[in-house]
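Asker: Got a structure for you, written out below as structure tokens; questions coming shortly.
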Amino acid sequence: MRNGYSIIQITNATVCNFRKLTTWDINSYSVTCDKQRKFSMVKYGVNGSDHNTTWRCQMYSLDYAILGPSSNVTVLIHDSSPILSPNSPLYIRNGGSLALTCEIDQDVAVVTWIRNGYSSIQITNTTMCNFRKLALLDMYNYSMTCDQQRKFTIVKHGVNGTDHNTTWRCQMYSLNYTDLGSSSDVTVLLHGLPSVKSLISPIEVLEGNSLEVVCQSDGIPSPQLTWSPQGEDKLNQSRLYFHSVTRNQNGTYTCAANNTMTFINGTVISGSDYQIMFLNVLCKLTLPFTNV
């Protein structure tokens with residue numbers, strides 16, 4: 001009986017015939033009987049639905065008299081899935097190294113690293129730590145380590161923008177190639193210092209004309225851009241627009257880029273860059289009208 005409900009019944013203890021009493025998949029079970037009146041039931045492939053369940057057996061004599069139930073046995077499932085560290089999200093500086101360690105409490109034959117849902121790298125011999133790529137990755141940027149404590153580490157050197165907001169997990173198989181499950185996902189987030197793209201300087205414009213100057217910057221996460229006209233407050237915008245340029249708008253204008261990222265442990269990293277543009281307003285000459 002499982003959780004108080006009859007599931008399997010041995011109908012002939014001598015030849016060990018049995019039948020299911022519910023809609024459970026009987027192919028997941030086997031039953032054995034011996035001459036010492038020991039009756040065993042085995043369920044294969046236990047999962048989360050079996051956690052914290054109670055089991056007992058009810059027996060009947062040859063004349064079908066109730067012999068009474070056994071005491072209850074509570075089943076608790078130990079989660080042996082791989083554990084991936086560090087925790088998610090993982091923050092890394094652009095150009096740094098990404099290191100992920102997968103560990104498990106069972107003997108392992110194959111370890112597969114999955115990137116954004118696709119199998120990417122596989123350790124095919126955990127004793128020798130041989131590995132092969134399963135996707136279009138530059139393997140020269142990767143290294144692997146395996147230790148006797150069943151810890152398997154992958155390191156990518158020189159992370160870049162293609163690694164930002166990627167997810168990784170590991171999938172493991174036992175020595176008899178039983179699927180041991182996969183770890184939870186770890187999301188990788190990069191911090192890349194901003195870099196303002198070169199501005200044309202000086203810019204010459206005829207007095208009274210219109211002008212638009214655009215400031216652009218790379219960086220992870222996307223930087224906040226500001227313009228600082230000479231003698232004026234900062235403008236939180238990437239575009240600087242002049243409707244009708246006047247001579248008193250001559251001077252320098254600074255575009256600055258700033259980005260900030262807060263680590264999970266509270267550490268804050270930030271970066272900044274700037275470019276200076278000089279605006280040269282040319283005098284517009286007005287010629288007198290003359291009759292010829």
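Asker: Looking at residue 107 and the list (1) surrounded by 11 or more Cβ atoms within 10 Å (Cβ to Cβ); (2) within 34 Å of the chain's Cα centre (by Cα); (3) modelled with pLDDT of 80 or more, which single condition is not satisfied?
Answerer: Result: residue 107 passes all but (3).
Asker: In the stretch 116-136, which residues are out of contact with any Leu (no Cβ under 8 Å at 6 or more places or on another chain), surrounded by 14 or more Cβ atoms within 10 Å (Cβ to Cβ) and closer than 14 Å to residue 169 by Cα?
Answerer: 123 - this is the single residue of the stretch 116-136 that is out of contact with any Leu (no Cβ under 8 Å at 6 or more places or on another chain), surrounded by 14 or more Cβ atoms within 10 Å (Cβ to Cβ) and closer than 14 Å to residue 169 by Cα.
Asker: Looking at the stretch 206-258, which of its residues are closer than 30 Å to residue 164 by Cα and in contact with a His (Cβ under 7 Å, 6 or more places away or on another chain)?
Answerer: Hit for the stretch 206-258 is 220, nothing else.
Asker: Against the condition modelled with pLDDT under 75 and either under 30 Å from residue 182 (Cβ atoms) or exposed (fewer than 13 other Cβ atoms within 10 Å of the Cβ) (or both), how does residue 25 come out, does it pass?
Answerer: Numbers: modelled with pLDDT under 75: yes; either under 30 Å from residue 182 (Cβ atoms) or exposed (fewer than 13 other Cβ atoms within 10 Å of the Cβ) (or both): yes.
Yes; evaluated as a whole, the condition is true for this residue.
Asker: Restricting attention to the stretch 87-103, which residues are under 13 Å from residue 184 (Cα atoms) and part of a loop (DSSP other than H, G, I, E, B)?
Answerer: 87, 88, 89
Asker: If we scan the stretch 206-225, do we find a residue that is under 28 Å from residue 86 (Cβ atoms), assigned by TED's automatic domain parsing to the domain that holds residue 150 and in a loop (DSSP other than H, G, I, E, B)?
Answerer: No, there is no match, as no residue in the stretch 206-225 is under 28 Å from residue 86 (Cβ atoms), assigned by TED's automatic domain parsing to the domain that holds residue 150 and in a loop (DSSP other than H, G, I, E, B).
Asker: Within the stretch 45-56, identify whether any single residue is in contact with a helix residue (DSSP H, G or I) (Cβ under 6 Å, 6 or more places away or on another chain), modelled with pLDDT of 75 or more and part of a strand (DSSP E or B), and answer yes or no.
Answerer: no
Asker: When the residues of the stretch 172-205 are narrowed to those that are in a strand (DSSP E or B) and among the acidic types (Asp, Glu), which ends up nearest to the chain's Cα centre (by Cα)? Explain how you work it out, then say what you get.
Answerer: Kept after step one, since they are in a strand (DSSP E or B), are these residues of the stretch 172-205: 172-173, 179-182, 186-196, 203-205.
Subset that is among the acidic types (Asp, Glu): 179, 204.
Details: 179: 21, 204: 49 Å.
Out of the qualifying residues, it is 179.
Asker: When you scan the stretch 146-170, how many residues do you find that are surrounded by 13 or more Cβ atoms within 10 Å (Cβ to Cβ) and outside any loop (DSSP other than H, G, I, E, B)?
Answerer: Residues in the stretch 146-170 being surrounded by 13 or more Cβ atoms within 10 Å (Cβ to Cβ) and outside any loop (DSSP other than H, G, I, E, B): 14 in total.
Asker: Would you call residue 92 exposed (fewer than 12 other Cβ atoms within 10 Å of the Cβ), in contact with a strand residue (DSSP E or B) (Cβ under 9 Å, 6 or more places away or on another chain) and not acidic (Asp, Glu)? Quick ask: steps written out before the conclusion?
Answerer: On the way: exposed (fewer than 12 other Cβ atoms within 10 Å of the Cβ): no; in contact with a strand residue (DSSP E or B) (Cβ under 9 Å, 6 or more places away or on another chain): yes; not acidic (Asp, Glu): yes.
Against the criterion (exposed (fewer than 12 other Cβ atoms within 10 Å of the Cβ), in contact with a strand residue (DSSP E or B) (Cβ under 9 Å, 6 or more places away or on another chain) and not acidic (Asp, Glu)), residue 92 does not qualify.
Asker: Would you tally the residues in the stretch 138-157 being among the aliphatic types (A, V, I, L, M), farther than 21 Å from residue 173 by Cβ and free of Cβ contacts under 8 Å to residues at least 40 places away in the same chain?
Answerer: Residues of the stretch 138-157 among the aliphatic types (A, V, I, L, M): 139, 144, 154-155.
Then keep just the ones that are farther than 21 Å from residue 173 by Cβ; that gives 139, 155.
Next, only the ones that are free of Cβ contacts under 8 Å to residues at least 40 places away in the same chain stay: 139.
Going through the stretch 138-157 one residue at a time, the tally reaches 1.
Asker: Return the only residue of 181, 192, 208 being within 28 Å of residue 273 (Cβ to Cβ), of a type in the set (Gly, Ala, Ser) and in contact (Cβ under 8 Å) with a residue 40 or more places away in the chain.
Answerer: After applying the criteria, what remains is 192.
Asker: Given the structure, is residue 83 under 17 Å from residue 181 (Cβ atoms) and surrounded by 18 or more Cβ atoms within 10 Å (Cβ to Cβ)?
Answerer: On the way: under 17 Å from residue 181 (Cβ atoms): yes; surrounded by 18 or more Cβ atoms within 10 Å (Cβ to Cβ): no.
For residue 83, the condition - under 17 Å from residue 181 (Cβ atoms) and surrounded by 18 or more Cβ atoms within 10 Å (Cβ to Cβ) - is not met.
The values are calculated or read from the model by the stated rules, or taken from the named source; none is laboratory data. A quick note: this is a predicted structure, and the numbers were derived from the prediction, not measured. FYI the Cβ positions are ideal-geometry reconstructions off the backbone, even for glycines, and counts take in every protein chain you see.
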